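The values are calculated or read from the model by the stated rules, or taken from the named source; none is laboratory data. Computed from a predicted structure; not experimentally measured. Counting neighbours? That spans all protein chains shown, and the Cβs are built from the backbone with ideal geometry, glycine included. Each accessible area value is taken on the protein alone, full model and side chains, heavy atoms only, with ligands, DNA and RNA left out. Shrake-Rupley method; radii C 1.70, N 1.55, O 1.52, S 1.80 Å.
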Amino acid sequence: MDLASAQDFQRLYGEFVAVWKTWNASTRGQLPITTPEYVGWGCLERATAAEGEIEALMAKLAAERVLTEKEIKILGGVRQAFKSVRLAIQQGEPLDWRSSGVEPYVAFKSLSAAMSVLLRTAPRAGSQLTDELAAENFLKITDNRHEGLWIQTAEPLVPNRSLTGET
C-alpha cells in the first residue's frame, strides 16, 4: 500500500475540484472580481501544477508496479481527465459539468476511485519489473490515445450506465 501516493492523489483530486469551481464561478460572473484575468491565470497555474503532479505520480507508479492493461487504461484516463480543467481555462469556457450525473464528471469520479483502489493495493507479489517494462508502461499511460477514450474507459466501472450515450 502506497499511503503517501494515495494521499497525494486525494489532495490533487481536491485541487482539481477547487480549480474547476473557481474557474467556473469566474467565467459565469459569480465572483465579485475586478480582474478576472488574474483569476484565470491563477487557475491555469494551479491546474497545470496539479496536472504535472499527476504526471509525476504516473511515472512513479509505472516505475514501481507491473501494471495490467486495465490499470494502464485507468491511469491514462485519469491523466486525461485532469487535463479537462486546463483545457477549459485555455479556451476561456467553464468546465461544463453542471451536475453530479454529467458523463465526464461521472467518468472522472469513477476513474479516480479506481486509481485510489490501485494506490491502496499492494503490488502483485512475484512480479518482475524491469526498466524496459517501466518505460513501456509510462509511455502507454501517457499515450495520447487516451484523449478521446477516457470516458469510455470509465464505463465498465459504472455498471448499468452508459457514459458515452451508446447502447
Can you count the Lys pairs in the chain with C-alpha separation below 24 Å, eight or more apart or on different chains?
-> 16
Any chance you could run the full-extension gain for Asp96 through Val158? It's 0.36 nm times the residue separation minus the Cα-Cα distance, nm to one decimal.
-> 20.3 nm
What FRET efficiency do you get for Val66 and Ala18 if R0 is 30 Å and r is their Cβ-Cβ distance, rounded to the nearest 0.05?
-> 0.35
Of the listed peptides 78-91, 58-71, what is their order by residue-averaged count of other C-beta atoms within 10 Å, with the highest listed first?
-> 78-91, 58-71
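In square angstrom, what is the accessible area per residue of the chain with a 1.4 angstrom probe? Mind dumping the intermediate values first?
Details: 8930 Å² over 167 residues.
Averaged over the residues of the chain, the accessible area is 53 Å².
When the accessible area of region 70-167 is computed with all protein chains present and a 1.4 Å probe, what percentage of it is carbon and sulfur? Each step should come with its number before you reach the end.
Working: 2630 of 5260 Å².
Carbon plus sulfur share of accessible area: 50 percent.
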Taking the chain and counting helices only, DSSP H stretches of n ≥ 4 at -39,500 (n - 2.57) each over all residues, the nearest-500 ellipticity at 222 nm comes to -22500 deg cm²/dmol
